[in-house]
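Peer 1: Shown below is the structure under consideration.
None of the figures in this text is laboratory data; all of them are computed from the coordinates on show. Computed from a predicted structure; not experimentally measured. Cβ: placed from backbone, ideal geometry, glycine included. Neighbour counts: every protein chain shown.
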Amino acid sequence: MARVKTAVLISGRGSNMAALIAAAAAPGFPAEIALVIANKAGAGGLALAAEAGIRTAVVESRPFGKDRAAFEAVLQAELEAAGIELVCLAGFMRVLTPAFVERWQGRMLNIHPALLPAFPGLDTHERALDAGVKIHGCTVHLVVPEVDSGPILAQAAVPVLPNDTPDTLAARVLAQEHVIYPAALARLARDLASGGADPAPSDPARPEAGQPAAAQALVVPAP
Ligand code: GRF
């Protein structure tokens, strides 16, 4: 089966991007990471992508100012030139217009560092600690025009420990982001490649060989 051509959009260090690239290198993974686009020339993830042999592009958003549509026209041209079928936002710090989001409806994913619908927006770990929640986590969802909303494809929950700081909590959550994002991408790519049939429900209790993450976190669906 042809692998689904996927682009990853980043603004920064690109650890989720790197997790997607690593997962997609496995034989049989249903998506190919064919392009990484950063909206900042200094995004650290660009070097990681280039090292992995992935085509990269920079479309600086800053020069476009408030003209989001003009920025997105260039972005769209890059995606089309590479024959991209699926887009993963991975720390992409730019709000997209409804028109762009609708163009990629059902084919654009995002990862958010909280258990949506709790804590949309920024500073999620600090806000989770302030709220005193005992469980925190991350979410992969389909992108819809409203920011940090849309159908949830996967979540992982981690405990909040008594001495956590935003940084220690962020690190625990990030480790799970790197588990659920590739799993959610694989599921959606497989679904798209097979004509859009609903993926079979997975058993969250299924023990996963070689997945130590499952022992430290509740991951749904199990990767
Ligand atoms: C991640 O925590 C992701 O959930 C959020 O932005 C951060 C990006 O980190 N959207 P990285 O660039 O993938 O390392």
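Peer 1: Quick check on packing: order 9-18, 99-108 by the mean number of other C-beta atoms within 10 Å, highest mean leading. Intermediate values should be presented prior to the final figure.
Peer 2: Working: 9-18: 22.4, 99-108: 16.6.
Descending packing order for the listed peptides: 9-18, 99-108.
Peer 1: Here is a follow-up. Grab the Cα-Cα distance for N163 and E146, subtract it from 0.36 nm times how many residues apart they are, and report the gain in nm with one decimal.
Peer 2: Details: separation 17, 0.36 × 17 = 6.12 nm, distance 3.39 nm.
Gain on stretching N163 to E146: 2.7 nm.
Peer 1: Shifting gears a bit: What's the percent breakdown of Cα-Cα distances in segment 81-182 across 10 Å bins, shortest bin first?
Peer 2: Going out from 0 Å in 10 Å bins, segment 81-182 shows 15, 46, 27, 9, 1 percent.
Peer 1: Scan segment 111-202 for GluC sites (Glu not before Pro) in coil per DSSP, keeping those whose Cβ has at most 15 other Cβ atoms within 10 Å, and list them by number. Before the final figure, lay out the partial values.
Peer 2: Details: sites: E126, E146, E177; in loops: E146.
Those that pass, being in a loop and sparsely packed, are E146.
Peer 1: Report the local net charge at G45: Lys and Arg +1, Asp and Glu -1, summed over other residues whose C-beta lies under 13 Å from its C-beta.
Peer 2: Numbers: positive: R13, K40; negative: E51.
Value of the local net charge: +1.
Peer 1: Further question: Can you tell me what share of the DSSP beta bridges in segment 4-198 is antiparallel? A percent to the nearest 5 is fine.
Peer 2: On the way: 11 of 28 bridges.
Just about 40 percent of them are antiparallel.
Peer 1: If I take the Cα coordinates of segment 82-131 and project them onto the principal axes, what are the three extents in Å, biggest first?
Peer 2: 43, 19, 17
Peer 1: Give me D for the chain in µm² s⁻¹, whole number, from Stokes-Einstein with Rh from the Kirkwood sum over alpha-carbon pairs, 25 °C and 0.890 mPa s. List each step's numbers first, then the result.
Peer 2: Values: Rh = 17.8 Å.
Rounded to a whole number, D works out at 138 µm²/s.
Peer 1: Could you pull the Rg and Dmax for segment 11-62, using just the Cα atoms, both in Å?
Peer 2: Gyration radius and largest Cα-Cα distance of segment 11-62: 11.1, 38 Å.
Peer 1: Suppose only helical runs count, i.e. DSSP H with n ≥ 4. What mean residue ellipticity at 222 nm does that imply for the chain under -39500 (n - 2.57) per run, divided by all residues and rounded to the nearest 500 deg cm²/dmol? Don't skip to the end; give the middle numbers.
Peer 2: On the way: 7 runs with 77 residues, N = 223.
Mean residue ellipticity, 222 nm, calculated: -10500 deg cm²/dmol.
Peer 1: In a Gaussian network model over the chain where Cα atoms closer than 10 Å are linked, find which of A154, A77, A90 has the largest mean-square fluctuation.
Peer 2: Answer for the Gaussian network model of the chain: A77.
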